[in-house]
1. If you bin every alpha carbon distance in region 13-54 into 5 Å steps from zero, what whole percent lands in each bin?
2. HN-Hα J couplings of region 111-119 from phi, Karplus 6.51/-1.76/1.60, θ = phi - 60°, integer Hz, Gly and Pro as x?
3. Taking only protein heavy atoms and a 1.4 Å probe, what accessible area per residue, in Å², does the chain have with all protein chains in place?
4. Would you work out the charge dipole size for region 85-148 about its Cα centre, treating the Cβ of every Lys and Arg as +1 and the Cβ of every Asp and Glu as -1, and quote it to the nearest 20 debye?
5. Could you compute the longest span of the chain free of trypsin sites (Lys or Arg not before Pro) located in DSSP loops and having at most 10 other Cβ atoms within 10 Å, not counting the site residues?
6. Can you send over the carbon and sulfur percentage of the accessible area for the chain, probe radius 1.4 Å, protein chains only?
7. May I ask you to work out the translational diffusion coefficient for region 63-150 at 10 °C, viscosity 1.306 mPa s, via Stokes-Einstein with Rh from the Kirkwood sum over Cα pairs, reported in whole µm²/s?
8. Between L11 and residues 5 or more places away or on another chain, which pairs have amide H atoms under 5 Å apart, with H built 1.01 Å from N, and which residues are they?
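The values are calculated or read from the model by the stated rules, or taken from the named source; none is laboratory data. Quick caveat: nothing in here was measured; it's all calculated off a predicted structure. Cβ placement follows ideal geometry from the backbone for every residue including glycine, while neighbour counts extend to all protein chains displayed. Surface areas here come from the heavy atoms of the whole protein model, side chains and all, with no ligands, DNA or RNA. Shrake-Rupley method; radii C 1.70, N 1.55, O 1.52, S 1.80 Å.
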Amino acid sequence: MKHRLFREQQLTCDIETAWKFFSSANNLSEITPKDMGFIVLTKMEDDEIYKGMLIDYYISPLFGIKMKWQTEITHVDFKKSFIDFKKKGPYKLWNHHHEFIPNEEGVLMRDTIDYELPMGFLGEIAHRLFVRKKLEYIFDYRFRVLSKLF
């Protein structure tokens, strides 16, 4: 079963600052809880995001078990939006749409994540018991960190 997580946050910065920060995979570990063991493996000399870009990570989402995750950037609309799509990782589906909307207060950032767990009804039980809560914890953490940064 597919699920959706939606978040939005007002950032008090200009679009150039927001785009530069969020389109760089090098900044992901800064906005991910430390207990997730998030490590970016891909070495990026410049932070220019582009369609087809592959980014590899290690992440320990549950019980400290280290997993490899690979995302592909499947869409880029410069300074407006981008999508990262899971190619390899613990989810059956992970499609994360990032949107940046300039306004009079700075930039409204929106995250829409469509995701699905593997293992059918067992995945659904895991979702109800702890996966949904873990995702909310991660994005609540991001909200707090971004409130301080921007």
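1. It works out to 5, 20, 27, 24, 16, 8, 1, in whole percents.
2. 10, 10, 10, 9, 8, 8, 8, x, 6
3. Working: 8550 Å² over 150 residues.
Dividing the accessible area of the chain by its residue count gives 57 Å².
4. Numbers: 12 positive and 9 negative charges, 90 e Å.
Dipole about the Cα centre, nearest 20: 440 debye.
5. Working: sites that count: K43, K66.
Longest stretch, sites excluded: 67-150.
6. Numbers: 4830 of 8550 Å².
Exposed carbon and sulfur together represent 57 percent of the surface.
7. Details: Rh = 14.9 Å.
Taking Rh from Cα pairs, D becomes 107 µm²/s.
8. V107, L108, M109
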